[in-house]
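What follows is a single structure, written as structure tokens, with notes after it.
The values are calculated or read from the model by the stated rules, or taken from the named source; none is laboratory data. All values reported here derive from a predicted model rather than from experimental measurement. Neighbour counts run over all protein chains shown; Cβ positions are idealised from the backbone, glycine included. Calculation scope for accessible area: heavy atoms of the full protein, side chains included, ligands and nucleic acids excluded. Shrake-Rupley method; radii C 1.70, N 1.55, O 1.52, S 1.80 Å.
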Amino acid sequence: MAEHAGVPIVLTAPLTESIDHAGFFIQMSLASMPGWMEWVIDKKYPAWRNVPTTRTGAAGTAPAGLRVLEAVLAREFGPECVAVCYPDQLLQFIGDATRVVAVSTHNPLGTTFAAGVYASIFGSSREPINALYARRMFDTIREGRRRYRFTVIVGGSGAWQIEETQTEEELGIDTVVSGRAESDEVVALFRHALAGDPVPRRIEAHHPHDAAQLVVPDTRTSFGVIEMTTGCGRRCAFCAPDLHPRISIPKDRIMKAVRANVAAGNRQISLATEDMFIWRTDEAGLPFFVPNRSELLDLYRSIVEYPGVEQITLSHATIAPALVDPDLIGELSALLLDRSPIRLPSVSTHPEGRVLAPLIGIETGSVRVARQIMAGKALPFDIKDWPHVVLNGLAILNQHNWFPVCTLIVGSPGETDEDCMATLDLLYEAERRGLRCMWVPSIFTPLVKTRMQNGEGVRETRHLSRLQWQVIMQAWAVASRIGLQTTWGKLSFGVGSLVLWAARLRRVNGPNFTWPLVQFSGLVPERWLERAGSIYGGRPLPHVTRDDLLATVRPDWCQAITAGRGGTPWSRSRRLRMAAL
Ligand code: SF4
């Protein structure tokens, strides 16, 4: 490429969303730690900014969403018209011929559920590292625009943050796209931009209705992410992905993308889904909450056995399927554990301490809140049994070395002290039973277009109640105990958290933060704090077994559970009734 000839369509994403070699935990930290703590990441993994490039000097890896856009545009306008680069390469790729610079971003301003809370707890300089890198990227694009004329388009799952904060002008953005790249609306937008025509400030792109319309890129993606499903079906009121149709990508297309990733030097694969257990359920005539065991195992077996695949990570799942088909969890472990890059020797029975750690939404221990915001989350079980579904599910998962990352939502609209106490009961009961997971608390954020978009969330951490703080700090305490095994480690962690509280956090987070933080530090026995009325000590939950729960499942759903294990599939009419759920 001549120095300033430029490429007509230049695509990019924040560096923090493109890297994969540093692992999921570093990427999660970049998305949630405030900018001033970047030095912690540098110390832990100094090489995190090193990224591969292709023979032509373009980005060697990119988020899967950006790769989908690249594939769509290459199909429409020719591959020579499109280049994907990292933000610090932008000025090499932008030139006279450039008409569009398009950005795909997952979390440009750090205002998602989890990222926002972790950064905001640290106060005024709370913008996450990811947001700082996104801002620098937009600065570079603006610099390019001072020399060349082109349109700036932003899309991706985090584009709503720009619309909501009305930062288009500040960041130099012409159009914000909401929705997927495959749609006619997106292609038309780029056509206009290439012609130099005026473009709208925002467009709403339609979601494809079947797998044939979904593009699965055959290029290297960050973390080897390959789309497995869209949509869900459990209808949680706060959830955006559930608004899309439930579609499973066929196995042959997934395997084509696996081959492409391996050919481009990737050694890791992660199938992107909102719930891995819904894959190919509709096609098998099963209700979406009964996993299609044989096809799921066949898919993962094919990936494991594909030469060159060294690591496999799980993305998202739900917990009820573990109770529906515990043997599936065992069989998946037998296939996948040896390939998992995540090690937790303190809890795993695997000889090398490997674990599987999908992200699972638990959100609350309060049946009242669960019924309000996620009535379908426990299906085929009744949401009234939600805490018991969670406890039994965790027991089955732990037994097979699954130690999931479990999200909790604090501050759902109308959440009361009694609801927080119910969530704490669940956390304490899980501890009492020796169940392990990484609880990740977040503060409710009303996401646009969801059924809770008008819900009132907690705007500042100083407005959290003491019990809401206790849920957050108890969740972190459990997670930190998995990592801290020595007395010295626990002591220095406790002292460190109190020093941080005294120096900064008590001013930022208000008085309700203090006692939960003291409990979190582990330096004062919990029973003292409980006796003094400073914290809530929890109530034991009754023992409800998996058999008890199965006995409550509707008879026709029990039949479907048998079918998922290879029994008779459901009739078309019953399938349609289930799809309408
Ligand atoms: S289970 Fe997860 S993906 Fe499905 S609707 Fe609920 S939050 Fe959304």
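Give the dimensionless ratio obtained when the Cα radius of gyration of the chain is divided by 2.2 N^0.38 Å.
So the Cα radius of gyration is 0.97 times the expected 2.2 N^0.38 Å.
So, counting K/R as plus one and D/E as minus one, what does the shell of residues with Cβ under 15 Å around Glu227 add up to?
+1
Nearest 5 is fine: what % of DSSP beta bridges in segment 9-204 come out antiparallel, could you say?
Percentage antiparallel, nearest 5: 10.
Cβ neighbours within 10 Å, averaged per peptide: list 276-284, 231-239, 64-72, 545-553 in order, most packed at the top.
64-72, 276-284, 231-239, 545-553
Computed on alpha carbon atoms, what radius of gyration and Dmax characterise segment 9-204, expressed in Å?
Using the Cα atoms of segment 9-204, the pair Rg, Dmax is 16.2, 47 Å.
Indicate, rounded to the nearest 5 percent, the antiparallel portion of the DSSP beta bridges found entirely in the chain. Please report the intermediate quantities before stating the final value.
Details: 5 of 43 bridges.
Antiparallel bridges make up about 10 percent of those DSSP assigns within the chain.
Determine the dipole magnitude for the chain: charges of +1 sit on the beta-carbon of Lys and Arg, -1 on that of Asp and Glu, nothing else is charged, the reference point is the Cα centre, and the result goes in debye to the nearest 20.
760 debye
Ignoring ligands, DNA and RNA, what percent of the 1.4 Å accessible area of segment 9-204 is carbon and sulfur?
So the carbon and sulfur contribution to the accessible surface is 54 percent.
In square angstrom, what is the accessible area per residue of the chain with a 1.4 angstrom probe?
Heavy-atom accessible area per residue stands at 41 Å².
Helix-derived [θ] at 222 nm for the chain: sum -39500 (n - 2.57) over DSSP H runs of at least 4, divide by residue count, nearest 500? Don't jump to the answer; show the numbers that get you there.
On the way: 25 runs with 240 residues, N = 581.
Rounded to the nearest 500, it is -12000 deg cm²/dmol.
What number, in percent, do you get for the relative contact order of segment 9-204 if the mean sequence gap of Cα pairs under 8 Å and at least 6 apart is divided by its residue count?
26 percent
Normalising by the residue count of segment 28-100, find the relative contact order in percent from Cα pairs under 8 Å and 6+ residues apart.
Numbers: 32 pairs, mean separation 12.9, N = 73.
So the answer I get is 18 percent.
On the full set of protein chains, 1.4 Å probe, figure out the accessible area of His463 and give it in Å² to the nearest 10.
Spelled out: His463, probe radius 1.4 Å, area about 120 Å².
Please work out how much length the chain gains when fully extended from Asp139 to Glu164, using 0.36 nm per residue of separation minus the C-alpha to C-alpha distance, in nm with one decimal.
Between Asp139 and Glu164, full extension yields 7.0 nm more.
Calculate the translational D of segment 307-442 in whole µm² s⁻¹ from Stokes-Einstein, where the hydrodynamic radius comes from the Kirkwood formula applied to all Cα pairs, the temperature is 4 °C and the viscosity 1.567 mPa s.
Stokes-Einstein gives a translational diffusion coefficient of 84 µm²/s.
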